[in-house]
Amino acid sequence: MTVTGAAPPDVPPSALADTVLERLTATYAAAADPGRAVPMRAYMKDVAPFLGIPTPDRRALSRTVLAGTHRPTEADCTAIALRCWRLPEREYHYFAVDYLRRYAARCSSAFLPVARQLITTVSWWDTVDLLAAHVVGALVAADPGLTADMDAWITDDNLWLARTALLHQLRYKERTDTDRLFAYCLLQSGHPDFFVRKAIGWCLREYAKTDPEAVRGFLAGERSRFAPLTVREALKNTGS
């Protein structure tokens with residue numbers, strides 16, 4: 001199933017989302033710390049405003065928000081994620097990412113347009129990388145037909161889609177499609193953006209934990225095509 005060209009998803013009706021968002025906005029707002037929010041926003045390069053809730057506190061609050069709620073359907077996941085993304089503060093986006101990581105197995109390949117919307121809206125590494133490895137990666141693993149979408153994303157003009165295609169196999173280990181991984185790295189070897197070059201090094205470094213010889217062999221033949229940053233990152237786990 002190829003869904004890359006699908007229209008932006010609508011927010012479906014969801015009683016669970018109604019409950020979660022009501023609790024979430026009240027609970028997070030009550031814990032906001034404007035003094036912390038300023039440096040948090042600066043650290044993330046002003047990608048979004050922050051409430052100023054540190055990660056351990058935020059996750060503890062999230063457990064309170066979700067206490068007693070039932071497991072979601074795919075429609076619930078869609079509604080919660082998209083509604084969180086419409087809120088300005090970054091902590092709500094983090095809540096959505098954590099929720100999707102927890103319930104990625106509840107979603108089918110039809111969820112990919114939702115993931116794409118999240119990846120390409122208020123984009124920065126703090127949400128994109130987790131969505132790539134834990135949500136998109138899970139969807140593609142469950143439906144290998146979605147590799148056609150990854151083949152489209154790797155050459156997309158949106159650098160965050162390209163980064164996602166590079167990183168979606170990050171947790172696959174022995175299940176990694178090595179030919180596709182190396183082909184993606186070569187396709188983007190000359191990309192001008194730091195975040196794509198860094199992602200190439202990262203995905204190679206991670207796969208080197210599984211097969212260092214394969215990564216060493218790949219770079220032995222192709223090293224000149226990659227930025228020094230990429231090569232240094234890639235070889236961290238190879239003993240080279």
Counting only residues 5 or more apart in sequence or on a different chain, those whose built amide H sits under 5 Å from that of Asp33 are Gly52, Ile53
Extend 7 Å from the Cα of Ala152 along its Cα-to-C-beta direction; within segment 116-144, residues with backbone N under 12 Å of that point are 116
Projected onto their principal axes, the Cα atoms of segment 15-173 stretch, largest extent first, over whole-Å spans of 44, 36, 27
Inter-part gap, Cα centre of segment 41-86 to Cα centre of segment 103-157, in whole angstrom, is 18
Thr178 and Asp57 label points (each 7 Å along its Cα→Cβ direction) are spaced in nm at 4.8
With a 1.4 angstrom probe the carbon and sulfur portion of accessible area for segment 15-173, in percent, totals 53
Relative to the chain, whose Cα atoms define the longest principal axis, helix 15-30 and its Cα axis are tilted in degrees, nearest 10, by 90
Cα extents of segment 88-193 along the principal axes, largest first, in whole Å, come to 36, 31, 22
For the chain, longest principal axis from Cα atoms; helix 178-187 axis from its Cα atoms; angle between them, nearest 10 degrees, is 90
Rounded to 0.05, the calculated FRET efficiency for the beta carbons of Thr121 and Ser224 at R₀ = 51 Å is 0.90
Probe 1.4 Å, heavy atoms of protein chains only: per residue, the accessible area of segment 15-173 in Å² is 41
If one compares the long axis through the Cα atoms of helix 74-85 with the longest principal axis of the Cα atoms of the chain, the angle in degrees, nearest 10, works out at 90
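The values are calculated or read from the model by the stated rules, or taken from the named source; none is laboratory data. Bear in mind the structure is a predicted one, so any value in this text is a computation, not a measurement. Note that we place each Cβ from the backbone using ideal geometry, even for glycine, and neighbour counts take in every protein chain shown. For the accessible areas, the whole protein counts, side chains as well, though only heavy atoms, and no ligand, DNA or RNA atoms are used. Shrake-Rupley method; radii C 1.70, N 1.55, O 1.52, S 1.80 Å.
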